[in-house]
């Protein structure tokens, strides 16, 4: 019988797990332990509206702070889980305390990937992962200052868009030949490159960084085979890595994340793992994946909580993601990696179009740019592994929902 659930982490996934446990009438103790001084909050706005000053900190929170006491959820902030004693079924905390568990949920998330180059520890060089990171970066983001963004993924481009709109002089440096190369097609990359340049952002593609220079703070970014870029502040946005140290040290199976089954159980049946830190099976795509997305974090949290409460629930969803840059909303459904064909619906010049990805004739993903209908209607086709003639997919006058019967 499960009398106490301990949750290691206090982020999006952790918060949802605690909420779902109470919604499912779990009557036992819930102890949530987080390193930050904040109750569970949303991270996506950090590089968007929160950075822009359009969203106050209290609007980031998943629930009002008072909710946790009212729901009888014990929350220990500014506290780190440092060890797991699987035999004794307890966790050791940075405070020196030990907390017993019947069931443990690892919601340890991810950490920013560090750029191991000279000068990256200088004042004025930033990473973005939490509220404190944004607060520190805001202090440097005065209009007219020169900002260099290293990395042209979601975070780098979202920050570049905000900084540009705040009046900074922005340059994005990317070692690959196009922006967001890991996740979108050449057509979608080209669209975003044109948009950023039209707003005044300078893009330095196929360009490597060799280090950062400065005295009391950063003054320039050094490039491979090119002159240094003057910089008053730098953002390094080169991705994240799953936080698996606890799991690995305790002997749990780890492989590109904490390995879990479709019920979010780890190799220890009394330990679940959820969110960015997990490597989990996806039945739609027939392989295990690690996803960095809010949707995955929330759904895995719900799945773990429901199984702890005795329900037989298996997680098998179409993954989805989004990015806001300027007035453009990119919505992605599915996983495009390994595609062998792309199909455009609509015209990029209209700033409302979609790019569909196929593998062996099967629809596996969609990038919808200011086109929410295609995003919503493509998801059931992806889940069904639909095979639809290319000429029909390309016809924007035919709704994707009407193609299900033809697949």
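What follows draws every value from the coordinates through simple rules; no lab data is involved. What you see is a predicted model; the values in this text were computed from it and never measured. Cβ sites come from the backbone with ideal geometry, for glycine too, and all protein chains shown count toward neighbours.
The table for this structure:
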{"read-out": "Full-stretch length increase - residue 69, residue 391 - with 0.36 nm per residue and alpha-carbon distance subtracted", "value": "110.3 nm"}
{"read-out": "Translational diffusion coefficient (Stokes-Einstein; Kirkwood radius from C-alpha pairs) of the range 269-407 at 20 °C, 1.002 mPa s, in µm²/s", "value": "134 µm²/s"}
{"read-out": "Cβ-Cβ FRET estimate between residue 27 and residue 337, R0 fixed at 41 Å, reported to 0.05", "value": "0.45"}
{"read-out": "Relative contact order (%) - the range 1-110, alpha-carbon pairs under 8 angstrom, separation at least six", "value": "37 percent"}
{"read-out": "Kirkwood hydrodynamic radius of the range 125-236, Cα pairs, Å", "value": "14.1 Å"}
{"read-out": "Among beta bridges that DSSP assigns inside the chain, antiparallel share in %, nearest 5", "value": "60 percent"}
{"read-out": "Label point distance in nm, residue 98-residue 401, each placed 7 Å from Cα along Cα→Cβ", "value": "5.7 nm"}
{"read-out": "Hypothetical label at residue 362: residues of the range 253-268 whose amide nitrogen lies under 20 Å (7 Å Cα-Cβ projection)", "value": "262"}
{"read-out": "Inverse mean reciprocal Cα-Cα distance (Kirkwood Rh) of the range 14-123, Å", "value": "16.3 Å"}
{"read-out": "P(r) histogram, all alpha-carbon pairs of the range 327-406 included - 5 Å bins from 0, percent", "value": "3, 18, 31, 28, 15, 4, 1"}
{"read-out": "Cα Rg over Rh - the range 209-303, Kirkwood", "value": "1.22"}
{"read-out": "Packing-based ranking, highest mean first, of 149-155, 40-46 given that Cβ atoms within 10 Å are counted", "value": "149-155, 40-46"}
{"read-out": "For the chain: rounded, prolate or oblate by the Cα gyration tensor [a/c cutoff 1.5]", "value": "oblate"}
{"read-out": "Helix-derived mean residue ellipticity, 222 nm - over the chain, DSSP H n ≥ 4, -39500 (n - 2.57), to 500", "value": "-6500 deg cm²/dmol"}
